[in-house]
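The values are calculated or read from the model by the stated rules, or taken from the named source; none is laboratory data. Note that the structure is predicted; figures quoted are calculated from it, not measured. All Cβ positions, glycine included, derive from the backbone under ideal geometry; neighbour counts span all protein chains shown.
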Amino acid sequence: MTALASPVNASPRARGGLLAPRSPLAKLGAALLLALPLIITLDVVSASVALVLGSLFVFGSGLRPREFFLRTLPIWLAAPAAGVTIALYGRPSGAALFDWGFVHVSEGSLQLALATMLRLFAIGLPSIALFATIDPTDLADALSQRLHLPSRFVLGALAGMRLLGLLTDDVRALGLARRARGVADTGRIRRALGTAFALFVLAIRRGTKLSTAMEARGFGSAIPRTWSRPARFTGADAALLVVAALISAIALTAAVVTGAFAFVFAPA
């Protein structure tokens, strides 16, 4: 299975950091455990505690600040936008601070907006730090060996993840080809539609060739496969799950003790 690894992109193992050698399954489990308290509650206290403690995973990822910022840029844009929207148009409660037309700003809407922003940061930032250290090949090995998922499905998903990284190069190559043929000046909409159609055709051809090659190499066989790199789950991987569970427990406990706990599905 490791033969599908890309020789171009450096493995997350080369990044360094404490999370790099950990099992992909442990990282996925840690991300789910960190998100658990923020799924069932929507308050400032639990989100703040989870964000502060979850930053440990950010520092343990070994990502450079610029790289981490670029990876998390959508969250930095989406969280404030969601907060502003809820502050202006959320359900008003408490003392009214501003009221004009459809815009109602109150103490309750501001608190809900802040909780929503912190919630998005607390879920997104540690999760991206964890996922950034996962090598797709290691993940596929762990899914097949530890969770015993079908090899056909796992290998197909791995190949798709590897080929997805070629999308930018394909777009650039198509643009250069269209420019060389003198058909680049057709307007943005027609150019975008033409590029999308060409990418669709290229994906079908590449997928057909890849599936044929995988079948020829016995990837669709029912015979048990051997593994060139065993997927291990060590005590350190279990400790990672324990740390994530403790962070979730501390966040929920802090919200309950301070009286800020707000069940997200509670009737208004």
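A single member of Leu155, Leu176 is modelled with pLDDT under 85, of a type in the set (A, V, I, L, M), surrounded by fewer than 18 Cβ atoms within 10 Å (Cβ to Cβ) and under 23 Å from Arg206 (Cβ atoms), and it is Leu176. Close contacts from the stretch 147-162, counting a first residue that is without any contact (Cβ under 8 Å) to a residue 60 or more places away in the chain and at positive phi and a second that is among the charged types (D, E, K, R) and not in a loop (DSSP other than H, G, I, E, B), with Cβ to Cβ under 8 Å and a gap of 6+ residues or different chains, come to none at all. Of all the numbered requirements in (1) closer than 15 Å to Ser127 by Cβ; (2) modelled with pLDDT of 90 or more, Pro37 misses one, and that requirement is (2).
Surrounded by 10 or more Cβ atoms within 10 Å (Cβ to Cβ), part of a helix (DSSP H, G or I) and not assigned by TED's automatic domain parsing to the domain that holds Gly29: does that describe Thr168?
Numbers: surrounded by 10 or more Cβ atoms within 10 Å (Cβ to Cβ): no; part of a helix (DSSP H, G or I): yes; not assigned by TED's automatic domain parsing to the domain that holds Gly29: yes.
No.
So is Ser109 part of a helix (DSSP H, G or I), hydroxyl-bearing (Ser, Thr, Tyr) and at pLDDT 90 or above or not? Spell out how you get there, then give the answer.
Working: part of a helix (DSSP H, G or I): yes; hydroxyl-bearing (Ser, Thr, Tyr): yes; at pLDDT 90 or above: no.
In short, no.
Hey, among Thr226, Thr234, which residue is at negative phi and touching a residue at least 40 places away in the same chain (Cβ under 8 Å)?
Working: Thr226 fails: touching a residue at least 40 places away in the same chain (Cβ under 8 Å).
The match here is Thr234.
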